[in-house]
Amino acid sequence: MWIDDYCKLCMIYSRSKDLILLRHHDKLSKMLMKLAEVLEKEKSRSKAFVETFNYIKFLTRSEDPYLDVKRSLREIGRKVAEKARKYLENVNWDIKEAIRLSAAANIIDTHVLGYENIKSLEEALWDKPVIEDEFRLKKDSEIYVVIDNAGEAEIDKLLVKSLIIHGYKPKIVIREKAYEIDETIDTFEKEDLEIITTPGNMPPIIYLDRGYVIAKGIANVEAYIEMGKIESLHLFRAKRDVITKKLNVPKNSVLILSGETIKKIFL
């Protein structure tokens with residue numbers, strides 16, 4: 001499902017911007033024809049975004065067009081993660097604080113229409129949630145942490161470490177193939193963490209059908225609205241206008257929302 005017609009405009013903008021950023025503006029007419037085709041036939045927002053990004057890969061003849069960008073973001077993320085690590089050590093690796101940092105770290109994006117990243121990752125990391133749902137983790141429940149953007153994933157690793165320190169056994173869930181600036185199994189530095197890879201490059205959350213999931217980013221929010229199956233907690237920022245209007249929050253607000261809350265609001 002399309003949450004809003006604005007999402008269609010966002011897809012047109014995102015894929016056109018991809019070609020400009022990747023210096024393939026000469027392929028723009030082909031991309032626009034593909035976008036028209038997808039908009040005509042595809043009823044799923046998540047599938048439409050993935051199909052059109054895969055066409056970007058075809059046009060640019062690259063299986064990972066943003067590989068160099070992700071490498072740079074990862075370096076930034078490592079430096080910021082060191083400061084976050086020291087903070088978490090001082091609060092005894094408190095899980096709620098680790099979740100807040102992970103949500104605040106969702107500042108990195110290159111594709112959202114109307115979104116401007118006006119803060120560095122280091123500055124943004126200390127922003128407090130504007131809305132924060134309560135959550136309860138069970139020691140005997142399987143916990144899956146779904147990551148997305150490179151750079152901020154270094155902060156997400158600290159959330160995983162916090163869960164481990166407090167006796168949980170989380171598994172990181174990651175895409176197999178490249179999608180925008182998201183980490184994939186080939187680019188993610190595992191650091192002895194338990195990893196589950198989901199096939200292709202659809203949002204990983206759609207493949208989870210048991211346990212409890214903590215998911216990063218808007219793509220996993222929107223995929224959960226369409227196809228989510230299990231109890232979840234979503235860590236993200238209000239980058240899209242449709243989200244700010246529905247929740248009545250300022251642009252770029254840090255949000256920690258349960259899957260139940262998200263479906264009530266958007267369905």
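Residues of segment 65-96 that are more than 18 Å from SER120 (Cβ to Cβ), free of Cβ contacts under 8 Å to residues at least 40 places away in the same chain and of a type in the set (D, E, K, R): ASP68, GLU89, LYS96. In the set (1) crowded, with 18+ Cβ neighbours inside 10 Å; (2) touching a strand residue (DSSP E or B) at 6+ places or on another chain (Cβ under 7 Å); (3) over 25 Å from ASP64 (Cβ atoms), SER162 fails one condition alone, (2). Selection of segment 89-107 for residues being in a loop (DSSP other than H, G, I, E, B), farther than 11 Å from ARG237 by Cα and hydrophobic (A, V, I, L, M, F, W, C) yields VAL91, TRP93.
Taken over segment 158-184, the criterion of being out of contact with any helix residue (DSSP H, G or I) (no Cβ under 6 Å at 6 or more places or on another chain), in contact (Cβ under 8 Å) with a residue 40 or more places away in the chain and either of a type in the set (Gly, Ala, Ser) or assigned to a strand (DSSP E or B) (or both) is satisfied by ALA178, THR184.
Quick one: which of GLU176, GLU134, GLU152, GLU180 is in the same structural domain as GLY211 (by TED's automatic domain parsing), among the acidic types (Asp, Glu) and in contact with a Leu (Cβ under 8 Å, 6 or more places away or on another chain)? Reasoning before the result, please.
Working: GLU176 fails: in contact with a Leu (Cβ under 8 Å, 6 or more places away or on another chain); GLU134 fails: in contact with a Leu (Cβ under 8 Å, 6 or more places away or on another chain); GLU180 fails: in contact with a Leu (Cβ under 8 Å, 6 or more places away or on another chain).
GLU152 is the lone residue from the list that is in the same structural domain as GLY211 (by TED's automatic domain parsing), among the acidic types (Asp, Glu) and in contact with a Leu (Cβ under 8 Å, 6 or more places away or on another chain).
Within segment 11-59, the set of residues being surrounded by 14 or more Cβ atoms within 10 Å (Cβ to Cβ) and among the polar types (S, T, N, Q) comprises SER14, SER16, SER44, SER46, THR52, ASN54. Identify the residue in segment 137-157 that is in a loop (DSSP other than H, G, I, E, B) and within 11 Å of the chain's Cα centre (by Cα) and, among all such residues, is surrounded by the most Cβ atoms within 10 Å (Cβ to Cβ). Filtering segment 137-157 for residues that are in a loop (DSSP other than H, G, I, E, B) and within 11 Å of the chain's Cα centre (by Cα), the one surrounded by the most Cβ atoms within 10 Å (Cβ to Cβ) comes out as GLU152. Restricting segment 1-10 to residues that are at pLDDT below 90 and not hydrophobic (A, V, I, L, M, F, W, C) leaves a set whose member that is surrounded by the fewest Cβ atoms within 10 Å (Cβ to Cβ) is ASP5.
Do you know which of the residues in segment 186-201 that are in a loop (DSSP other than H, G, I, E, B) and under 15 Å from the mean Cα position of the chain (by Cα) is nearest to ALA103 (Cα to Cα)? Can you show your working first?
Our first condition is that a residue be in a loop (DSSP other than H, G, I, E, B); within segment 186-201, this holds for 186-194, 199-201.
Then drop every residue that is not under 15 Å from the mean Cα position of the chain (by Cα), which leaves 188, 201.
Values: PHE188: 19, ASN201: 22 Å.
Checking each candidate, the answer is PHE188.
Scanning segment 51-88 for residues that are outside any helix (DSSP H, G or I), touching a helix residue (DSSP H, G or I) at 6+ places or on another chain (Cβ under 7 Å) and within 23 Å of ASN106 (Cβ to Cβ) yields a total of 1. Restricted to segment 183-227, and to residues there that are farther than 24 Å from ALA81 by Cα and of a type in the set (Ser, Thr, Tyr), the residue that is surrounded by the most Cβ atoms within 10 Å (Cβ to Cβ) is TYR224. Does segment 237-267 hold any residues that are among the hydrophobic types (A, V, I, L, M, F, W, C) and closer than 28 Å to LEU137 by Cβ, and which are they? Scanning segment 237-267 gives ALA238, ILE243, LEU247, VAL249, VAL254, LEU255, ILE256, LEU257, ILE262, ILE265, PHE266, LEU267. Scanning segment 47-63 for residues that are under 14 Å from ARG15 (Cα atoms) and of a type in the set (Ser, Thr, Tyr) returns THR52, TYR55, THR60.
Listed here are the residues, each with its yes/no results for (1) modelled with pLDDT under 95; (2) more than 22 Å from VAL50 (Cα to Cα); (3) polar (S, T, N, Q).
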site	(1), (2), (3)
ALA215	no, no, no
ALA219	yes, no, no
TYR224	no, no, no
ASP241	yes, no, no
LEU257	no, yes, no
PHE266	yes, no, no
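The values are calculated or read from the model by the stated rules, or taken from the named source; none is laboratory data. The model shown is predicted, which means the values in this text are computed figures rather than measured ones. Counting neighbours? That spans all protein chains shown, and the Cβs are built from the backbone with ideal geometry, glycine included.
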